[in-house]
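The values are calculated or read from the model by the stated rules, or taken from the named source; none is laboratory data. Here the structure is a predicted model, which is why all the values come from computation and not from measurement. Here Cβ is always computed from backbone atoms with ideal geometry, including for glycine, and neighbour counts include all displayed protein chains.
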Amino acid sequence: MKRRSFLAAGAAALVTPAIGRGAFAAEAGAPLPIPEIWDLSDGASTDLVARTGRASFLSGRDTSTIGYSQNFLGPVLRVRRGSIARPRVINELNRLVTAHWHGLHVPGEADGGPQLAIAPGRDWAPELEIDQPETTLWYHSHIHGETGPQVYQGLAGMMLLTDPDAGGDALPSEWGVDDIPLIIQDRTFDGSGQFAYSSAGPNRMMGFRGDRILVNGAIQPVASVAQGVVRLRILNGSNARIYRLSFDDGRDFRQIASDAGYLSRPSNISQFTLAPAERVELLVDLSDGAPVKLLSEADDNSPMAGMMGDTMGGMMGDMMGGGSPQAVDGSGRFEVMSLSPDRPTNDLSMPENLPLGPGAIPGEPVRRRAFDLSMSSMMGGGMGNSGGGMMGGGVMNRGGGMMGGGMMDRNHGGMMGGGMSLGINGQPYSMDRIDADVGLGDVEIWEVRADMMQHPFHVHGTSFQVLSANGRPVDFDTMGLKDVALVDQSMEIKISFDRTAPSAAPYMLHCHILEHEDAGMMAQFTVG
Ligand code: C2O
Ligand code: CU
Ligand code: CU
């Protein structure tokens with residue numbers, strides 16, 4: 001299999017001398033790199049090598065990176081329903097890594113979770129039996145306590161799961177021309193052009209947010225696309241940043257898929273929220289030939305927003321990097337990338353019907369479980385425990401309230417400062433403890449509650465249906481089946497597993513803010 005540098009296209013365009021903010025220029029405007037597709041559907045063993053690399057994000061400076069068989073990130077792995085994919089993951093790094101197939105329905109032994117760490121110099125060759133609806137997935141390393149830094153440095157890639165019987169022929173399908181993969185990530189560079197990262201201090205609560213936006217490993221690139229209907233497969237591959245995406249001219253577009261496949265009723269929208277690890281597929285009509293910018297609003301998700309209301313929380317978010325990396329207008333929006341429809345038109349129109357997507361989860365629930373994503377802690381002399389801590393005097397709660405006096409209450413009380421303890425149902429993750437046993441094929445309702453801020457909740461090995469959010473029913477037709485969903489205050493999901501996970505290779509459930517996950521906001525369970 002040929003190994004071409006992922007960043008070749010982008011790197012060639014980086015010729016401008018260093019100017020502007022910081023020691024090195026942020027090279028916005030390079031061509032969007034299009035990761036190559038490696039097809040695993042013929043069942044042949046394919047080597048995926050976790051290795052170090054160097055990439056040119058900034059002019060005049062190489063950044064040390066890691067990747068799967070590339071300098072930064074990995075190839076797009078295409079797998080076909082009804083076939084067996086045989087990746088062989090080789091670890092050429094000097095630390096433990098895994099390759100977790102996020103969203104893929106495979107048994108625990110093939111899932112690539114923390115128990116399946118690959119030692120330096122060793123390899124891991126799972127057999128992936130592909131059987132689920134057509135969709136866009138991804139893969140990334142998943143070492144407990146190290147997922148944040150490893151994904152940040154580059155151990156992640158996209159996956160395409162295809163189903164020849166789904167009937168996707170009417171959709172744009174020319175890779176890199178009208179079928180465009182977009183892996184959105186935020187990064188911060190230090191004074192010598194290296195990735196800066198810390199999960200300590202405030203980042204433990206806030207999650208790490210960078211001040212540069214990368215798409216497919218290029219800073220605010222330009223995608224040269226067909227003048228016609230263009231399909232965007234967007235993955236939020238950031239550690240913590242939540243994007244609220246729209247186009248600068250306000251044009252609307254059609255959402256055709258969410259995490260686990262096509263929607264049963266596509267919806268026309270002009271803005272959407274994408275939390276870490278979520279995917280969305282859009283069709284946007286660029287037949288007018290006008291260039292458009294993809295913009296995001298600043299992310300103000302923070303414990304302070306939860307406890308003090310939006311103004312203070314927003315200020316806190318800005319201070320901690322949640323705010324605007326490069327504001328482009330007065331509303332605090334910033335540019336993610338731009339699209340230039342300068343290639344020949346594809347003459348496609350918006351399809352009336354989509355390929356067959358996943359249906360709602362059938363069957364009557366046999367069990368309910370509750371998962372509290374908890375951030376309890378203490379500050380000052382106050383008590384922090386499940387059920388409410390104290391500080392000063394006065395009442396604090398989510399969405400408003402005051403500081404400087406009284407009780408704090410939001411599922412679990414507590415404040416930042418002292419010892420922030422992240423966990424699920426009050427316990428930080430332990431590799432040695434199984435937190436739940438789920439019966440194979442059982443339909444369950446899980447109630448997930450978020451503490452102090454919004455948390456993207458993810459479950460391995462299956463896809464789930466969101467029934468309600470903050471007590472209000474959610475329409476399945478427009479949300480589709482998910483494997484990660486942003487929990488504001490509470491969420492009810494309907495879930496069932498059709499693959500097994502033994503205690504030696506259990507499935508994970510966790511917050512996908514990687515700093516929260518690494519700090520213990522994760523649990524593990526068996527299926528079988
Ligand atoms: Cu995307 Cu447990 O992971
Ligand atoms: Cu996962
Ligand atoms: Cu979280």
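Specify which of the listed residues (Val438, Val459, Val487) is in contact (Cβ under 8 Å) with a residue 12 or more places away in the chain and more than 22 Å from Asp111 (Cβ to Cβ).
Val487
For Leu440, indicate whether it is assigned to a loop (DSSP other than H, G, I, E, B), away from ligand 3 (no atom under 16 Å from the Cβ), aliphatic (A, V, I, L, M) and surrounded by fewer than 23 Cβ atoms within 10 Å (Cβ to Cβ).
Yes: the conditions hold for Leu440.
Are any residues in segment 162-190 small (Gly, Ala, Ser) and surrounded by 21 or more Cβ atoms within 10 Å (Cβ to Cβ), and if so, which ones?
none
Going by the conditions given, is Ala117 within 13 Å of ligand 2 (Cβ to nearest atom) and closer than 23 Å to Ala504 by Cβ?
no
So is Arg122 under 22 Å from Asp432 (Cα atoms) and in contact (Cβ under 8 Å) with a residue 12 or more places away in the chain or not?
no
Can you confirm whether Pro87 is crowded, with 22+ Cβ neighbours inside 10 Å and in contact with a Ser or Thr (Cβ under 8 Å, 6 or more places away or on another chain)?
Spelling it out, Pro87 is indeed crowded, with 22+ Cβ neighbours inside 10 Å and in contact with a Ser or Thr (Cβ under 8 Å, 6 or more places away or on another chain).
Quick grid of which residues meet (1) in a strand (DSSP E or B); (2) closer than 30 Å to Gly357 by Cβ:
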{"position": "Leu48", "(1), (2)": "yes, yes"}
{"position": "Arg54", "(1), (2)": "yes, no"}
{"position": "Gly82", "(1), (2)": "no, yes"}
{"position": "Ala85", "(1), (2)": "yes, yes"}
{"position": "Ile90", "(1), (2)": "yes, no"}
{"position": "Val106", "(1), (2)": "no, yes"}
{"position": "Pro126", "(1), (2)": "no, yes"}
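Are there any pairs, at least 6 apart or on different chains, whose C-beta atoms fall under 7 Å, with the first in segment 503-517 and in the same structural domain as Arg204 (by TED's automatic domain parsing) and the second more than 10 Å from ligand 2 (Cβ to nearest atom) and modelled with pLDDT of 95 or more, and if so, which?
Short answer, once both residue conditions are applied: none.
Which ranges mark the strands (runs of 3 or more DSSP E) fully within segment 447-514 that have 3 or more residues being within 16 Å of ligand 2 (Cβ to nearest atom) and not charged (D, E, K, R)?
455-459, 484-487, 507-511
Any idea which residue in segment 243-287 is surrounded by the fewest Cβ atoms within 10 Å (Cβ to Cβ), counting only those that are over 21 Å from Gly210 (Cα atoms) and either free of Cβ contacts under 8 Å to residues at least 12 places away in the same chain or within 16 Å of ligand 1 (Cβ to nearest atom) (or both)?
Top of the filtered list is Val280.
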